[in-house]
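Note sheet for the following structure.
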């Protein structure tokens, strides 16, 4: 029965795609990643969307645009039922069986850059603009983005704080972000210093004792971890050694949106960097 449904969906998709191309209609796009979805909206191309993944759910609240699951765990049958022409996301999209099924059905699979610097963000804007037919809106968006980046890069803090980002789960070592991660780019743009960037790249497990030695002034925690651990009080109760850091002593554990630090440096990353800069600036003035 499932095979029959999937086969029917594939046939419908192929038929629809051919018809859409013949009529020169807007593409039917599934966006798998918040850094893609945010650009679709910023470029005014949201009418092309037929679905988004779970990391993009905050963009479609209050609309009838469905969510199709996490971008690493996409279901071919669910996606094909929407008759998409195109799936846009990062190289992390999967599983491979789903990507293969979509490709064989004639769905255009587009992988955009997930880099973490200014050039990568500008490239991603151009990529999404071209795929959604909104190239005319790209120059203005890039001008705004680059102007905001210029402001951040030219602002300095009298005393750059030490800031780390951690992922935590009770009973397990923390995972800390090092060099070449979107959150490290955010920390640097905000005018702070990530002490682990000189020690390792990507993400690495660290013991509480090792984190204590870093003596961070601020500790960034994703919203999901923050909520699951019970907020500031819950985190300190479960991990009391953090109270011996300046961050713990001064209540400088900060909840940040997870969507701002996945899939590359994006518009939400830029907004987070601006917010953190203001927070650090206020803290240094005290």
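Details
- Angle in degrees between helix 267-285 and the longest Cα principal axis of the chain, rounded to the nearest 10: 10
- Considering only 85, 64, 47, the mean-square fluctuation computed in a Gaussian network model of the chain, springs between alpha carbons under 10 angstrom, is largest for 64.
- Net length available on complete extension from residue 64 to residue 136 is 23.2 nm, with 0.36 nm assigned per residue and the Cα-Cα distance removed.
- In degrees, nearest ten, helix 118-132 long axis to first principal axis of the chain (Cα): 20
- Ascending count of other beta-carbon atoms within 10 Å, so fewest first, for 56, 228, 162: 228, 162, 56
- Values of log10 I(q)/I(0), in the order q = 0.08 Å⁻¹, for the chain under a Debye, Cα-only, solvent-free model: -0.40
- As a calculated quantity, the FRET efficiency between residue 97 and residue 255 at R0 = 51 Å, using C-beta atoms, amounts to about 0.90.
- Mean-square fluctuations from a GNM of the chain, with a 10 angstrom spring cutoff on Cα atoms, peak among 77, 223, 213 at 213.
- Contour minus Cα-Cα distance for residue 209 and residue 158 (0.36 nm per residue): 15.5 nm
- Under 18 Å from a label point set 7 Å out along the Cα-to-Cβ vector of residue 223, the amide N atoms of segment 160-176 belong to 166-168.
- With both labels modelled 7 Å from their Cα along Cα-to-Cβ, the residue 179 to residue 73 distance reads 3.4 nm.
- Degrees separating the helix 138-154 axis from the principal Cα axis of the chain, which is the longest one: 10
- Rounded to the nearest 500, the 222 nm mean residue ellipticity of the chain from helices alone is -14000 deg cm²/dmol, with -39,500 (n - 2.57) taken per DSSP H run of at least 4 residues.
Here, each number is a calculation from the coordinates, and none is a lab measurement. Owing to the predicted nature of the structure, the values given are computational and were not obtained by experimental measurement. Neighbour counts are summed over all protein chains in view; Cβ atoms, including those assigned to glycine, are modelled from backbone coordinates with ideal geometry.
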